[in-house]
Each structure stands twice: as structure tokens, then as C-alpha cells.
Amino acid sequence: MNCLWSFLLLIVLAVPLSASAMEMDDCLGCHSDTDMVGEELFIDEEKFTHTVHSEMGCTTCHESVTDEHPDDGEAVSRADCLDCHEELGSEYMATEHAENAACVDCHNPHQVRGLESVSGPDMNQQCSQCHDNDDVIESHSEWLVQAKLHIAKLPCITCHTASESYEVVLTIAQENESAKFGNYEFSSYADLKEYSGEKKIESLVDLNEDGHVSLPELRTFNRNPAYKGLHLGGTLVPSEISHDLSTLDNRYDCTFCHAAGPGSMQTSFFAFPTAAGTYERMTVDEGAVLDALFGTPNFYMTGTTRSVALNIIGLIIICGGFIMPIGHGTLRFLTRKNRQH
């Protein structure tokens with residue numbers, strides 16, 4: 001008897017779950033087809049299914065939708081972003097941006113992804129909707145050395161954020177003479193699949209497929225002649241999401257990044273593109289990017305890998321360069337009378 005009641009209870013509990021899952025599938029059955037709902041109500045199913053919002057289901061935000069929708073004629077309700085993101089919302093509302101842009105102006109709720117699932121250029125897409133790239137470069141050039149290079153290589157939120165903890169995200173880049181900045185650009189999933197073949201693209205770097213990238217594996221990747229057209233690129237991103245968007249004073253200090261072994265350069269991850277257009281991260285040996293010669297030879301930030309021994313050798317060379325002409329000149333001056341006779 002107890003078994004029967006347990007079985008009935010499982011059925012009762014399973015029905016709402018299956019209904020909820022079917023409900024989202026039903027929604028996408030129409031809204032993933034532009035012919036049925038039009039461009040305005042179209043939802044890219046591939047992108048939506050990789051968002052956190054998809055895990056909650058459509059009716060979490062659209063509570064008024066019933067099984068009779070759209071025939072019931074009821075208007076579709078929409079959740080307020082602040083219902084879930086109250087802390088971030090309060091932080092954002094205190095900024096000047098809040099006067100000009102609402103949440104949905106920057107974030108499509110059906111495509112939004114977490115910080116670990118996007119690339120640097122993806123992070124800047126929201127900013128570029130309002131801030132012209134040429135204007136940004138011009139304004140930053142007033143105080144920032146090599147402003148064009150910095151803006152090309154860093155997400156805006158690296159500096160314009162209240163997050164104090166940072167990490168380096170490495171990616172595989174490939175040669176492209178028509179790239180917007182430099183001769184390299186991010187490799188797509190399809191690009192890397194040509195190199196990995198039937199194996200996962202992670203195996204290009206993660207040789208033993210243990211889900212972690214070691215320094216020896218980075219060195220092997222860099223020395224592999226088959227990957228001549230590829231190299232490791234990297235960018236500095238905040239490890240925590242912040243909507244403060246203000247610039248902390250230490251961001252104006254070059255040594256925040258360009259210093260010997262800064263804390264922000266110790267932690268790094270490898271980001272691999274997925275077939276869905278997102279990114280998946282893999283941990284990397286701590287301090288890997290500080291091994292500029294063998295670990296990440298194509299990703300080097302001036303001042304981060306200072307060597308005391310090389311500094312001493314360099315100082316000796318410089319001093320020697322001064323001593324030779326000065327010593328020679330002094331000797332000629334002291335022996336000038338001898339030369340006269």
C-alpha cells in the first residue's frame with residue numbers, strides 16, 4: 001500500500017515539472033519561427049537555451065501566459081529585472097547611465113549570458129551601441145598611452161567597474177590580415193574544429209584532457225608547427241559583475257597592470273568557443289601569463305615579468321656604455337701633453 005501511495009505521489013510531483021518543460025517548448029515552437037510571430041517577437045532558440053533565464057522557464061517572467069495563449073487574448077506580462085537583480089539594479093540606478101538606458105537597452109533577456117560565457121568583444125557590444133569607437137579612442141588619447149591598443153585589447157568594464165578582483169582570460173587567436181586591430185582575431189568554434197578534427201577543441205591545449213591547462217601544455221601548444229597560424233591571446237577582465245561603471249583611481253595608475261607580478265596577473269582561465277556561440281572556461285596554472293617566454297609568448301604586458309638578473313645585466317651594459325667613452329676621453333685629456341711631444 002505504501003508503495004502505491006509513493007508511486008502516486010511521484011506522478012503528482014512529476015506532472016507540474018513536465019508541464020513546465022512542455023510549456024517552454026511550446027513557446028519556442030512558435031517564437032523561434034519568424035514566419036509565425038514576426039521579427040519583433042522572434043527568439044533565437046539556440047542562444048536562449050544557453051542563458052540562465054531559460055533554466056527558469058518562460059512563465060517565470062511571463063506569468064500571465066496560460067495554456068490557451070495566444071487565443072485567450074490576454075496581454076503578456078513581463079517581469080521587472082529588479083525583481084531578481086535588485087542589488088545590481090540599485091548599483092546601476094546610481095550611475096549617469098541609468099538616465100539614458102534601461103536594462104533591456106543593453107541586455108536582451110533572451111540572449112544574456114554570464115561573464116564567463118562571453119568574450120572581450122562580446123562584452124563591448126553593449127557599450128558600442130552608444131559610444132562610437134573613434135570618439136572613445138580620441139577621448140582616452142588625452143591621457144592614456146597607446147589608447148587605440150588598450151581599447152582594442154581590453155573590455156570597457158576592465159576599467160569602468162567597481163570590481164577590485166581581476167583575472168586573465170586566454171583565447172586562441174588566428175592570423176587574419178583584414179582583422180580590425182592587428183593581424184589576429186578570435187578563433188571561432190568552426191575555425192578550431194579544423195585543427196582538432198574528431199577530438200574536442202579543448203584537446204588542442206589540454207593535451208591530457210584533465211580539464212586543466214598546465215604550463216607544459218601551453219609550451220607544447222606554442223611549439224607545435226601544426227599551429228603556426230595560431231597564437232595565444234589574452235585580456236584582463238573583472239572576476240565579479242558590477243554595474244557601478246565608475247572608474248576607480250587606481251585604474252589611472254599604469255602599475256595596476258604593468259608591474260612586476262601583480263596579483264591580477266596570477267589567476268587565469270582558458271576560454272574555448274562552443275558550437276552555440278558561447279564560451280566555456282578552463283582553469284590554468286597560476287602565474288602562467290607571467291612566464292612570457294614559454295607560457296604565453298604572444299601575450300605580454302610591459303613590466304609584468306621583470307627579472308632581477310636581467311635588470312643587473314642591463315645596468316652593467318648601460319654603465320659600460322658610459323664608462324668606455326668617458327674613460328677614453330679622460331685618458332686622452334690626461335695624456336695630451338705627451339702627444340704634443
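The values are calculated or read from the model by the stated rules, or taken from the named source; none is laboratory data. This structure is a prediction, so every number in the text was calculated from the model and none was measured. Every residue, glycine among them, receives a Cβ derived from its backbone with ideal geometry; neighbour counts consider all protein chains shown.
Structure data summary
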read-out: Counted residues, region 189-213 - those being exposed (fewer than 13 other Cβ atoms within 10 Å of the Cβ) and in contact with a strand residue (DSSP E or B) (Cβ under 8 Å, 6 or more places away or on another chain); value: 1
read-out: Members of region 111-135 that are without any contact (Cβ under 8 Å) to a residue 60 or more places away in the chain and touching a helix residue (DSSP H, G or I) at 6+ places or on another chain (Cβ under 6 Å); value: 124, 126, 127
read-out: Residues within region 204-238 that are free of Cβ contacts under 8 Å to residues at least 60 places away in the same chain, under 16 Å from residue 170 (Cβ atoms) and not in a loop (DSSP other than H, G, I, E, B), tallied; value: 7
read-out: Verdict on residue 171 being under 30 Å from residue 95 (Cβ atoms) and modelled with pLDDT under 85; value: no
read-out: Single residue of 130, 61, 103, 81 found to be at pLDDT 90 or above and over 28 Å from residue 281 (Cβ atoms); value: 130
read-out: Selection status of residue 192, among the aliphatic types (A, V, I, L, M), at pLDDT 90 or above, more than 20 Å from the chain's Cα centre (by Cα) and more than 30 Å from residue 147 (Cα to Cα); value: no
read-out: Condition broken by residue 79, with the remaining ones in (1) surrounded by fewer than 11 Cβ atoms within 10 Å (Cβ to Cβ); (2) touching a His at 6+ places or on another chain (Cβ under 9 Å); (3) of a type outside the set (Val, Ile, Thr) satisfied; value: (1)
read-out: Scan of region 214-246 for residues that are modelled with pLDDT under 85 and β-branched (Val, Ile, Thr), ordered by number; value: 235, 241
read-out: Every residue from region 1-38 that is exposed (fewer than 11 other Cβ atoms within 10 Å of the Cβ) and modelled with pLDDT of 90 or more; value: 35, 38
read-out: Filtered residues of region 214-235 (kept if buried (at least 18 other Cβ atoms within 10 Å of the Cβ), more than 21 Å from the chain's Cα centre (by Cα) and over 12 Å from residue 204 (Cα atoms)); value: none
read-out: Residue count, region 186-238 (criterion: touching a Gly at 6+ places or on another chain (Cβ under 9 Å) and of a type in the set (Asp, Glu)); value: 1
read-out: One residue from 90, 139 being free of Cβ contacts under 8 Å to residues at least 60 places away in the same chain, among the hydroxyl-bearing types (Ser, Thr, Tyr), in the same structural domain as residue 49 (by TED's automatic domain parsing) and surrounded by fewer than 15 Cβ atoms within 10 Å (Cβ to Cβ); value: 90
read-out: Matching residues in region 247-282 - criterion: being of a type in the set (A, V, I, L, M) and either at pLDDT 85 or above or in contact with a helix residue (DSSP H, G or I) (Cβ under 7 Å, 6 or more places away or on another chain) (or both); value: 265, 271, 275, 276, 282
read-out: Condition broken by residue 171, with the remaining ones in (1) assigned by TED's automatic domain parsing to the domain that holds residue 276; (2) over 20 Å from the mean Cα position of the chain (by Cα); (3) polar (S, T, N, Q) satisfied; value: (2)
read-out: Options 102, 75, 98, 79: the member that is of a type outside the set (S, T, N, Q) and out of contact with any helix residue (DSSP H, G or I) (no Cβ under 9 Å at 6 or more places or on another chain); value: 75
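This table checks each residue for (1) more than 16 Å from the chain's Cα centre (by Cα); (2) acidic (Asp, Glu); (3) crowded, with 18+ Cβ neighbours inside 10 Å; (4) modelled with pLDDT of 85 or more.
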site	(1), (2), (3), (4)
148	yes, no, no, yes
154	no, no, no, yes
158	no, no, yes, yes
175	yes, yes, no, no
